[in-house]
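Trainee: Would you mind keeping the following structure in view while I ask a few things?
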Amino acid sequence: MPASAALAVALAAGLDAAFAEPPARVHPVALLGRLLSRLDPSSESNPQSPSHPQLRGALLALLAPLAFAAVAGAVVAAGGFLSTWVAAALAGLLLFSTTSLRMLLDAARDVTLAADSDLETARRELRALAGRDASALDAAHVRSAAVESVAENLADGLVAPLLGFAVCAPVSLPLAAAAAAWVKGVNTLDSMFGYRSNPLGRAPARLDDAVMWLPARLSAVLLAASVFRFALPLSARVRTLARRPPSPNSGWPMATMAAVLPARLVKPGVYDLDPASDAAGTPLPTPADATRALRVTNRAGLLAFALAGVVAWV
C-alpha cells in the first residue's frame, strides 16, 4: 500500500508536468462543474429564486462533494480487484485530475508576459486566474493580480487535494483518492456558488473556508521553504498582512509571496499587502518579480508533491 500510494503521487506529478490537465471532455472536475451548473439558480440558463436557499445550499455542500468522492473511491477500489498497481494507476489519474500546477503557472506566465506588450490581452486572460474586473488595471496591477493568484491557487489547486490524499493514503488507496476528490469538490462548489449574490452560496463558502484553513497555511510554509526562509510565515509582518484580505485563508500564501519577492500586492479597494513596514513602501511587481514568483511557486509545488509522496510512503 505505501509503495502504490507513492507511485500514484509520482504519476500525478508526471502527468501534470507533461500534460497540465486532462482533456475537458473527460476531465472529472469539468464534468462535475457541468453537472453543478444545472443547479445554479443564478445562471442565465437556469434563472429562478429557489425556496429555502440556505437549506438547499447546505444540502448541496454536503452531498455534491461526497458523491464526487464516492465515485472516485469506487473507481480505485474496483481497480484494486484487478491489481494493486491498477489501483495505483487509477488513483494517480484521479489525483492528476484534482491537482494543478503547470496549468496555473502557464496561465500566469501568459498574463505577465502580455502585461507590458499587449495590456488588453493580459486583462482578458487574467479572468482565468483572478475573479476581478481588470478593465481599468494598468500593467503593474495586472502583474500583481497574477502573482496573488498563483500564490492563492497553489493552496486550493494543489496543496489541499494532495494533503487529503496523503493523510488518507496510509488507511487505504480508495479512501485517499476519495479524500482528494472530496476536497476538489468542495473547492469547485465554492468557486461556482460561493458568492454573496448566489442564494445557495453561504454553505459552500463556509465549508471551503474550513477545509482550506490548513492547506492555505501549509502553502505559505512551502513558499517560504522554497527560498529557505522557513520562519517567514511566523513573522509579525506576514501575520499582519495575512489578515487584510476578507478571506480567512487566502491572505497567508499571498502575504508570504509578497514578503518573498519582495513586492506589494494590491487588489484595489479590497486589500494592500505591502511587506515594508516603513513609509517608503514597496513597489508593485516588476516583470522580474513576476518571473520570480512563478519560479518560487513551481518549487513550492514540486515540494508539495514530494512531501505528499513521502507521507503516503511512510
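Trainee: For segment 112-140, which residues satisfy the criterion of being β-branched (Val, Ile, Thr) and more than 21 Å from the chain's Cα centre (by Cα)? Please lay out each step first, then the result.
Mentor: Here is the first cut: in segment 112-140, the residues β-branched (Val, Ile, Thr) are 112, 121.
121 - this is the single residue of segment 112-140 that is β-branched (Val, Ile, Thr) and more than 21 Å from the chain's Cα centre (by Cα).
Matching residues to (1) surrounded by 21 or more Cβ atoms within 10 Å (Cβ to Cβ); (2) in contact with a helix residue (DSSP H, G or I) (Cβ under 6 Å, 6 or more places away or on another chain):
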| residue | (1), (2) |
| --- | --- |
| 281 | no, no |
| 284 | no, yes |
| 289 | yes, no |
| 292 | no, no |
| 312 | yes, yes |
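Trainee: Moving on. If you go through segment 93-102, how many residues are of a type outside the set (Phe, Trp, Tyr) and in a helix (DSSP H, G or I)?
Mentor: The first filter runs over segment 93-102 and keeps only residues of a type outside the set (Phe, Trp, Tyr), leaving 93-95, 97-102.
The next check asks that each one be in a helix (DSSP H, G or I); those that pass are 93-95, 97-98, 102.
So the answer is 6.
Trainee: Which condition number in (1) touching a helix residue (DSSP H, G or I) at 6+ places or on another chain (Cβ under 7 Å); (2) within 30 Å of residue 274 (Cβ to Cβ); (3) without any contact (Cβ under 8 Å) to a residue 24 or more places away in the chain is the one that residue 164 fails?
Mentor: (2)
Trainee: From (1) in contact with a Phe, Trp or Tyr (Cβ under 9 Å, 6 or more places away or on another chain); (2) on the phi > 0 side of the Ramachandran plot, pick out the condition that doesn't hold for residue 269.
Mentor: Only one criterion in (1) in contact with a Phe, Trp or Tyr (Cβ under 9 Å, 6 or more places away or on another chain); (2) on the phi > 0 side of the Ramachandran plot is unmet by residue 269, namely (1).
Trainee: Okay, moving on. Is it the case that segment 210-221 has a residue that's small (Gly, Ala, Ser), surrounded by fewer than 23 Cβ atoms within 10 Å (Cβ to Cβ) and assigned to a loop (DSSP other than H, G, I, E, B)? Explain how you work it out, then say what you get.
Mentor: Here is the first cut: in segment 210-221, the ones small (Gly, Ala, Ser) are 210, 216, 219-220.
Remaining after also requiring surrounded by fewer than 23 Cβ atoms within 10 Å (Cβ to Cβ): 210.
This time we only want the ones that are assigned to a loop (DSSP other than H, G, I, E, B), so: none.
No - not one qualifying residue is present in segment 210-221.
Trainee: Here's another thing I want to ask about it. Look at residue 130 and say whether it is within 17 Å of residue 250 (Cβ to Cβ) and either modelled with pLDDT under 95 or part of a loop (DSSP other than H, G, I, E, B) (or both).
Mentor: Working: within 17 Å of residue 250 (Cβ to Cβ): yes; either modelled with pLDDT under 95 or part of a loop (DSSP other than H, G, I, E, B) (or both): yes.
When the stated conditions are applied, residue 130 passes them.
Trainee: In addition: Could you give every pair whose Cβ atoms fall below 8 Å, whose first residue belongs to segment 112-127 and is closer than 17 Å to residue 149 by Cα and without any contact (Cβ under 8 Å) to a residue 12 or more places away in the chain, and whose second residue is among the β-branched types (Val, Ile, Thr) and surrounded by 14 or more Cβ atoms within 10 Å (Cβ to Cβ), counting only separations of at least 6 or pairs across chains?
Mentor: 114/121
To keep it simple, each residue is scored yes or no on (1) at pLDDT below 95; (2) closer than 17 Å to residue 148 by Cβ; (3) out of contact with any strand residue (DSSP E or B) (no Cβ under 9 Å at 6 or more places or on another chain).
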{"position": "213", "(1), (2), (3)": "no, no, yes"}
{"position": "227", "(1), (2), (3)": "no, no, yes"}
{"position": "265", "(1), (2), (3)": "no, yes, no"}
{"position": "268", "(1), (2), (3)": "yes, yes, yes"}
{"position": "284", "(1), (2), (3)": "no, yes, no"}
{"position": "289", "(1), (2), (3)": "no, yes, yes"}
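Trainee: Moving on. Of the residues in segment 40-83, how many are surrounded by 14 or more Cβ atoms within 10 Å (Cβ to Cβ), at pLDDT 90 or above and over 23 Å from the mean Cα position of the chain (by Cα)?
Mentor: Selection size over segment 40-83: 5.
Trainee: Moving on to the next point. Only one of these is farther than 13 Å from residue 304 by Cβ, outside any helix (DSSP H, G or I) and of a type in the set (A, V, I, L, M): 171, 150. Name it.
Mentor: On the way: 150 fails: outside any helix (DSSP H, G or I).
Testing whether each residue is farther than 13 Å from residue 304 by Cβ, outside any helix (DSSP H, G or I) and of a type in the set (A, V, I, L, M) leaves just 171.
Trainee: Filter segment 193-205 down to the residues that are touching a residue at least 60 places away in the same chain (Cβ under 8 Å) and among the charged types (D, E, K, R) and list them by number.
Mentor: Answer for segment 193-205, where residues must be touching a residue at least 60 places away in the same chain (Cβ under 8 Å) and among the charged types (D, E, K, R): just 202.
Trainee: From the list 172, 144, which one is touching a residue at least 24 places away in the same chain (Cβ under 8 Å), among the hydroxyl-bearing types (Ser, Thr, Tyr) and in contact with a strand residue (DSSP E or B) (Cβ under 6 Å, 6 or more places away or on another chain)? Don't jump to the end; show me each part of the working.
Mentor: Details: 172 fails: in contact with a strand residue (DSSP E or B) (Cβ under 6 Å, 6 or more places away or on another chain).
Result of the check over 172, 144: 144.
Trainee: Could you tell me which numbered condition residue 238 fails, if it satisfies all but one of (1) modelled with pLDDT of 95 or more; (2) surrounded by fewer than 22 Cβ atoms within 10 Å (Cβ to Cβ); (3) touching a Ser or Thr at 6+ places or on another chain (Cβ under 9 Å)?
Mentor: For residue 238, the exception is condition (2).
Trainee: Another question, if that's okay. Scan (1) part of a loop (DSSP other than H, G, I, E, B); (2) basic (Lys, Arg); (3) under 18 Å from residue 154 (Cβ atoms) for the single condition residue 295 breaks and write down its number.
Mentor: (1)
Trainee: Any residue at all in segment 81-92 that is closer than 21 Å to residue 192 by Cα, in contact with a Gly (Cβ under 9 Å, 6 or more places away or on another chain) and either among the hydrophobic types (A, V, I, L, M, F, W, C) or not in a helix (DSSP H, G or I) (or both)?
Mentor: First, pick out the residues of segment 81-92 that are closer than 21 Å to residue 192 by Cα: none.
No.
The values are calculated or read from the model by the stated rules, or taken from the named source; none is laboratory data. Fair warning: this is a prediction, and the values are worked out from it, not measured in the lab. Please note: Cβ atoms are built from the backbone with ideal geometry, for glycine as well, and neighbour counts cover all protein chains shown.
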